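The values are calculated or read from the model by the stated rules, or taken from the named source; none is laboratory data. Remember, predicted model here, so these are calculated numbers, not experimental data. A quick note on method: Cβ atoms are made from the backbone with ideal geometry, for glycine too, and the neighbour counts reach across all protein chains shown.
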Amino acid sequence: MRVAILGTGAIGLGAAALLTEQGHKPVLWSPSGTGAAALAGGAPLDASGALTGRYTVAVAADARAAVTGAETVMLALPAYGHRAVLDAVLPHLAAGQTVLFSGHLSFAALYLAQRLAERGLHLPMVVWGTTVTTGRRTGPTAVRMNIRAKVDVAGLPAGEGGLALSRTLFGDRFVPRDDLIAIALSNVNPQNHMAIALCNLTRMERGEAWAQNENITDAVGRLIEALDAERLAIAASFGATVRTVREHFHLSFHIPEAPLGEMARAMVAKGDRTLAPATLETRYVLEDVPFGLVPTVLLGRLAGIPTPLHDSGIALLSALYGRDLASANDILPALGLAGITKDELRARMR
């Protein structure tokens, strides 16, 4: 299957390697025009980690070339780039295609559905609670990657189509969820990254080289699990089935369930030396606060569930950064959610 991958960071490159391994034909497009220059020149994609190999991948020159003829169009870039990239590919999407969000944040699938409806076009969409691969770019054409054991998936409209397509493309590692709300509340990265960033901010600001999991101490682990309790309460109010953060770590990193500080130490003992952000200009804050935490707070408000830790984290990081991070979300204002009720939102999400 031909799959257009919009984004050439570690997630896009990892997806391209895994798709090629599965027998599919990925086509990469770099929205910035620079992320795939070496690959466009004919250099192979070098993967290491969970996959080891050299892969020949196609590179598209522009948005139109990327999506034309693709059976699946996959967004694999930070959420702060979603609206601009969706607007770029919107004129070129066509009947018969499916759009896949890896992973889905801030109800971006609703935004695309609204814009497509203006064209009189309705395309099925697949949304994941997180990315199927993790990793880091280690060079212009190289990525070191991990592959998750389980990823939550739903469709818009709700149904089983998203599960079947995800498994066809990336293997039997997907768990069906009811709808976009369940997916929004399945993503634990925003809460985890906020806790890590808040508790290690000076390391980031000073540009230190520091290992992330070594610094998920018992105290940081307790903060993550307290944030998780707020997320789980919101999910329960909506009747959504989601995993706990401990279950997520267990399935993603293949370690026994325990208090989160212990799980982080188990990852370090296995040799995990993943480096954490060494700058304040990191998606841990600039993506996850506006596009992850803010929508969670919105869902909590609609459900009548207090979110004091989420609210405080948004306020503290906004003060630390000297800007209103919530206002950076350019998707929510376009959805017309003012005055919407919990039941009305649930209906739209399905």
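Looking at the range 171-191, can you tell me whether even one residue there is β-branched (Val, Ile, Thr), part of a helix (DSSP H, G or I) and more than 27 Å from LEU309 (Cα to Cα)? No.
Of the helices (runs of 4 or more DSSP H) lying entirely inside the range 257-319, those carrying at least 3 residues that are under 16 Å from ILE216 (Cβ atoms) and at pLDDT 95 or above are 260-269. Applying a threshold of 9 Å to beta carbon distances and a minimum spacing of six or more residues, or different chains, the list of pairs starting in the range 204-223 at a residue that is over 20 Å from ASP272 (Cβ atoms) and ending at one that is outside any helix (DSSP H, G or I) reads GLU205/THR279; GLU205/LEU280; ARG206/ALA278; GLY207/ALA278; GLY207/THR279; ARG222/PRO259. Just one of the listed residues (LEU123, LEU105) is of a type in the set (A, V, I, L, M), assigned to a loop (DSSP other than H, G, I, E, B) and touching a Gly at 6+ places or on another chain (Cβ under 7 Å), and it is LEU105. Determine whether the range 134-151 contains at least one residue that is modelled with pLDDT of 95 or more and of a type in the set (Gly, Ala, Ser). Yes, because at least one residue in the range 134-151 is modelled with pLDDT of 95 or more and of a type in the set (Gly, Ala, Ser).
Restricting the range 332-350 to residues that are among the aliphatic types (A, V, I, L, M) and part of a loop (DSSP other than H, G, I, E, B), which is nearest to PHE107 (Cα to Cα)? Steps first, answer last, please.
Start the filter on the range 332-350 by keeping residues that are among the aliphatic types (A, V, I, L, M), which leaves 332, 334-335, 337-338, 340, 345, 347, 349.
Pick out the ones that are also part of a loop (DSSP other than H, G, I, E, B) and you get 337-338, 340.
Details: LEU337: 11, ALA338: 14, ILE340: 14 Å.
Only one residue fits best here, namely LEU337.
Hey, among ASP288, ASP272, which residue is among the charged types (D, E, K, R), buried (at least 21 other Cβ atoms within 10 Å of the Cβ) and in the same structural domain as ASP218 (by TED's automatic domain parsing)? Walk me through it before giving the result.
Numbers: ASP272 fails: buried (at least 21 other Cβ atoms within 10 Å of the Cβ).
Just a single option satisfies the conditions, and that option is ASP288.
A count restricted to the range 147-162 and to residues that are surrounded by fewer than 18 Cβ atoms within 10 Å (Cβ to Cβ) and not in a loop (DSSP other than H, G, I, E, B) stands at 1.
Restricting the first member to the range 97-109 and to residues that are outside the structural domain of GLY300 (by TED's automatic domain parsing), and the second to residues that are aromatic (Phe, Trp, Tyr), the beta-carbon pairs closer than 7 Å and six or more apart or on different chains are PHE101/TRP128; SER102/TRP128; GLY103/TRP128; HIS104/TRP128; LEU105/PHE291; SER106/PHE291; ALA108/PHE101; ALA109/PHE101. Identify, please: which residue in the range 83-102 is under 20 Å from VAL132 (Cβ atoms) and outside any helix (DSSP H, G or I) and is, among those, farthest from the chain's Cα centre (by Cα)? This residue is GLN97.
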